[in-house]
Amino acid sequence: MNCFHLDDFLAGWIGGASSVIVGHPLDTVKTRLQAGKGYKNTLHCVLQIYRKETVAGFFKGLSFPLASITVYNSVVFGLFNNTQRVISKFRYGDGRQPCGMLDLTLASMLTGLMSVGLGAPVDLVKIRLQLQTLPCLAENLNIAGTTGNGNGNIAVRSVTLQGQPTYRGPIHCISSTLQTEGIQGLYRGAGAMVLRDVPGYTLYFIPYALFRRWLSPEGRSSPHPCSIWLSGGLAGSISWVTATPADVVKSRLQADALHTRKYRGIVHCIVQSYKAEGIHVFFRGASVNAIRGFPMSATMFLGYELSLQFFRGL
């Protein structure tokens, strides 16, 4: 198809790699707050990780996101921009025709839906690697339910005493999940991810387009890097804060199989979380998401736009 461009995928890969390095430490804090117990607030979580695991604790599981989320972001940005061209080709007969807000909204929602196919396994492995540190296991005994005899401490504490993590790395995590849960295990939490990403990407790309338009001077052929950075950061904060409730449910479902299954599905997870911790549980990590979303998305969009300008200038 003549409206299909590969440079969008490559630019998305570069932007994704930059954003993962910038945002992973706060992503670890966010995951611990959402899926674990024993942390009073964001600052307490940060201090606990640093005291018990040093700086390395914030980068737990970085290798897999760096290798996979960069590909995921490449797919997201490639899908989003090429979907816009397909829509323009279908509606106006010209893939180069700029999309209106309705077209951008449709492209964003389709991107969020399609991205789950790759994003769900990536998120699941990332979260399980982030949550398997020994101090985290000791403090989060209720994260995944109880053992068969009703005592939730025995199996987890035995892992802690032996000093053996559940997974040796991302490949071992994938193979173990496939062996114990099947292919559906890799997609645990995918339904909650759809609920997060379809509206989430709409509130990601649309605010970015609006902010970039408002911050760009009249007559300028391309936006200034500062406008891109600020627009991307604001869009990221908006998107992540509004997606927090669905993100909490997704994180809990994906972390659930670390030991023994606790949640039967999305609705059961929502009901049980609400009964145990109240409505505020669905906004756990919102402040981290707002803070983390800004530099990650600012770096993502800046890397993407500058790379795209470079490739198209060759």
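The values are calculated or read from the model by the stated rules, or taken from the named source; none is laboratory data. What you are looking at is a predicted structure, and each value in this text was computed from that prediction instead of being measured. Neighbour counts run over all protein chains shown; Cβ positions are idealised from the backbone, glycine included. Only protein heavy atoms, including side chains, enter the accessible area calculation; ligands, DNA and RNA are left aside. Shrake-Rupley method; radii C 1.70, N 1.55, O 1.52, S 1.80 Å.
Keeping to the stretch 8-49, report how many residues are open to solvent by 10 Å² or more (accessible area, probe 1.4 Å), within 23 Å of ALA246 (Cβ to Cβ) and among the polar types (S, T, N, Q).
2
Among the numbered criteria (1) surrounded by 18 or more Cβ atoms within 10 Å (Cβ to Cβ); (2) outside any helix (DSSP H, G or I), which single criterion is violated by ASP197?
Answer for ASP197: the failing condition is (2).
Among the residues of the stretch 67-86, which ones are within 13 Å of MET109 (Cα to Cα) and touching a Cys at 6+ places or on another chain (Cβ under 8 Å)?
Within the stretch 67-86, GLN84 is the sole residue that qualifies.
Yes or no, residue by residue, for (1) charged (D, E, K, R); (2) surrounded by 24 or more Cβ atoms within 10 Å (Cβ to Cβ); (3) in a helix (DSSP H, G or I):
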residue	(1), (2), (3)
ARG213	yes, no, yes
SER222	no, no, no
SER227	no, no, yes
LEU230	no, no, yes
ALA235	no, yes, yes
LYS250	yes, yes, yes
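Residues being free of Cβ contacts under 8 Å to residues at least 24 places away in the same chain and under 20 Å from MET296 (Cα atoms): count how many of those fall in the stretch 190-217.
Qualifying residue count for the region: 3.
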